[in-house]
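All of the numbers you see were taken from the coordinates with simple rules; none came from a lab. As the structure is a prediction and not an experimental result, all values here were calculated from the model. Note that each Cβ is placed from the backbone with ideal geometry, even for glycine, and that neighbours are counted across all protein chains shown.
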Amino acid sequence: MFKNQTPQQLSFYIAAISAVLMAMLALLCKITGLFIISWSSIGLLVVGVFAVSFLANYYLVRYYIFRRIKLIYKIIHRHKLPTDFKAGKMDMTQKILKDVEQEVDEWAEQHDRDIEELERLATYRRRFIGDVSHELKTPIFNIQGFIHTLLDGALHDQEVNTKYLQRAAKNVDRLQAIVEDLETINKLESGQMVLDLREFDMHDLTEDVFSDLEMRAHERNIKLTFKEGANQRFRVRADKESIRQVMMNLLHNSIKYGREGGVSKVSFYDMENYILVEVSDNGIGIDPEHMKHVFDRFYRADKHRSREAGGTGLGLSIVKHIIEAHKQTINVRSTQNQGSTFGFTLDKA
């Protein structure tokens, strides 16, 4: 009966019960003759008890509930309570306790979500620091080894000094590439990188990237081409240099992991307001257990082969950040020993 009642209703019920009890007591006194009291006096007494009880309980309940609510709000609210948060301003006709209970439940759920998010971020941060340390350790260790070997006497050995210096320089270039890629990701995540949106022909941009990667593709006898029937010219609106970087990374990966003597294809599809760009290869493919991690920083499905082929392990992560900065989507589908296809959308100009 008293569940989910308003403070005003509770005060009414308490006053009514008090009045009924007083009426029963007065009747008992009249029947037993303990006191001589008229019926009109009994009526006035009952009404008086009801009124006094109602008013007393109304204000007692108001201040009691207010103090409890104020204490709860001090705990669950992250900002200071407003100065006009006073007992006199409480609406006693509303189900205040139910509202407070709901707020507490919502706060508890949000608190749990915040804790889970903090734990997830802490785990991600620990893993990221570990990954960075691991990636930097190898080139630093190599550089250290080459330089110390040269200082220990190999510097004057004409057969090895130039070779060791070249290897040390190669590892320095790798360190620089890792730092630059990390800086790029940081700018994308923090919103510091401002996109220069402009219209350009996606087909022309892809041809430029084909030219830049021609020698690398030739080394593995891989043909760079457009998919037959899906190589139309489309104008898109995006940051041209960022999309160039996306295409460079995707095509470079298709060459690196493609089958020697195979083909890397680019295709475009009209999706009314968007253009779908796909980069496909007929290489080794990606194991299903690795699919959900391909865009993670430093993640390598084949760690040994990835390092041998070069790269920082950040390319696909940068690609994902760039596409998401354009408020677009990127996905991958792959079949082992048949190849992989990376697809992303762009706004049509």
Inside segment 228-246, can you point out the residues that are of a type in the set (K, R) and either over 35 Å from the mean Cα position of the chain (by Cα) or over 24 Å from G262 (Cβ atoms) (or both)? R233, R235, R237, K240
Look at A238 and say whether it is touching a His at 6+ places or on another chain (Cβ under 7 Å) and not in a helix (DSSP H, G or I). yes
